[in-house]
Amino acid sequence: MSESLTIRGGRVIDPVSGLDAVADVLIADGRIAAVSPDAGKEAREAVDATGLVVCPGFVDTHTHLREPGFEHKETIASGTLAAARGGFTTVCAMPNTEPAADTAAIIEFVLRTAQAEGAIRVLPIGCVTKGRQGRELAELAELAAAGAVAFSDDGSPVTDAHLMRRALEYASMLRPPAGGLGLPVIDHCEEPALSADGVMHEGWVAVRLGLQGVPAAAEESMVARDIALAGLTGAQVHIAHVSTVGSVELIRRAKSAGLPVTAEVTPHHLCLSHEAVLLGPAETPGGLAFDTNAKVSPPLRTSEDAAACLAGLLDGAIDCIATDHAPHAVEDKLCEFDQAAMGISGLETALGLCLSLVHDGRVELPALIEKLTIGPVRALGLDRHIESIGTLSVGAPGDVTLIDPEAEWTVEPERFASKGRNTPLAGRTLRGRVVATVYEGQVVFDDR
């Protein structure tokens, strides 16, 4: 018999097929061979999933692996191990490396390094402009031929509307291996003239702490522009890390008009608010403390914004959940708030944080799993690069995540696989965790 693995007795949830039942999952030669009761009785290896949820491996459209150039913050090896611990079997690597991923050589380096050292699958995203400087288009066709699945300048918005139009037009002509529409352009929507020197959401917490705020309009004005350009060019624009009521409504209207617009939201923008920045009384009488680990771009906003993002996720305005995993070295956060780096290390806490929405009765578990699996795949068209990714259909890659939705655990950043320990969740008890991850039929993480 070929090399095989059976995952037995779990509650199998596959949003693509609509399956939600106790069953076995048989993986043979790295691919799903059968999903049914008593599948794979003769498998050479078995995993007991009794009492666990079994689903397709999670897919992240927005991960910072930092390599090359910032290996002190993260490497492809450490980042993919963190991803496996978080239940992710595929991550899309953002291009804000040093040098930036604006040449075929860097795309090929990421793919080669991931193949040699990575725990799971890595799909690279190439730059929109050379050096992410927003002045001249990168060689998009060259990047696509090397293996880029999308284009983005990541934390640097493409502020030049004419350049963004040209990027969309060129990207729309680049065909993925399986054909279909062109590659998406992912934009960090922020109008620099409005965000200026802002370091957190413009609201009462910023006023209380004496910090410069970023208004919601800084995001929403750029979202509106990108939607207009998608309508003009007919090319797909993907809105990264949506964070405001207005952005959700703009995207909802664009989709209802049939425009090629997709969007993602992070666990922290769904579950946290700008109040996470505020720690409470400081040692100095009358003073206040702030948590630089809650400094992120776009900033954590209000509970009303978070509720709107969740509503958008559930009604389809927002396509998927993406972590925006942004690991930093300790010194990047252990400083004044104005000087601290932006970003949260989120791969290992994503599921636990999102499951709070399930336990609060605001989301059904199958719906959440959909937004972590096939939702990201469809948003960026990743199944045109890796066939049947994000499903448990026969012939799909043997990527499976096992979840204990009831297990309680305390977030201890010092135990992260990621080099980035920057999380505002330190010390918080979460309910629900990943207990095992299988990638192409191999168990790459097992914490049962």
Placing +1 on each Lys and Arg Cβ and -1 on each Asp and Glu Cβ in segment 275-417, then taking the dipole about the Cα centre, the residue among 355, 365, 407 whose Cα reaches farthest towards the positive end is 365
So how do 353-365, 93-105 stack up, highest first, on mean other-Cβ count within 10 Å?
93-105, 353-365
Calculated from backbone phi, Karplus (6.51, -1.76, 1.60) coupling profile of segment 305-313 in Hz, x at Gly/Pro:
5, 4, 5, 5, 5, 5, 4, x, 5
Report relative contact order for segment 57-391 in percent, whole number only (criteria: Cα-Cα under 8 Å, sequence separation at least 6).
16
Applying a 10 Å radius around every beta-carbon, put 331-344, 66-79 in order of their mean neighbour count, most first.
66-79, 331-344
Under the rule of -39500 (n - 2.57) per DSSP H run of 4 or more residues, summed and divided by the residues of the chain, what mean residue ellipticity at 222 nm is obtained, to the nearest 500 deg cm²/dmol?
-8500 deg cm²/dmol
Leaving out same-chain residues fewer than 8 places away, which aspartates and glutamates sit with a Cα under 19 Å from that of residue 41?
3, 24, 29
When each of 295/333; 130/255; 130/333 is checked by Cα-Cα distance, pairs over 19 Å:
130/255; 130/333
How big is the chain along each principal axis, measuring the range of its Cα positions in Å and listing the largest first?
64, 56, 42
Calculate the dipole size of the chain relative to its Cα centre from +1 charges on Lys and Arg beta carbons and -1 charges on Asp and Glu beta carbons; express the result in debye to the nearest 20.
440
For segment 239-254, in residue order, the Karplus 3J(HN,Hα) values (coefficients 6.51, -1.76, 1.60; θ = phi - 60°; whole Hz; Gly and Pro = x) are 8, 6, 5, 4, 9, 10, 4, x, 4, 4, 5, 4, 5, 4, 5, 4
Charge tally for neighbours of residue 432 with beta carbon under 11 Å away, counting Lys, Arg as +1 and Asp, Glu as -1, is -1
Karplus-derived HN-Hα couplings along segment 63-73 (A = 6.51, B = -1.76, C = 1.60, θ = phi - 60°), whole Hz, x at Gly and Pro:
10, 9, 9, 6, 9, x, x, 10, 5, 6, 8
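Read-outs: derived from the displayed coordinates by stated rules, not from any lab. In this text the structure is predicted, and so the values were computed from the model without any measurement. For neighbour counting, all protein chains shown are included, and Cβ atoms are generated from backbone atoms with ideal geometry for every residue, glycine included.
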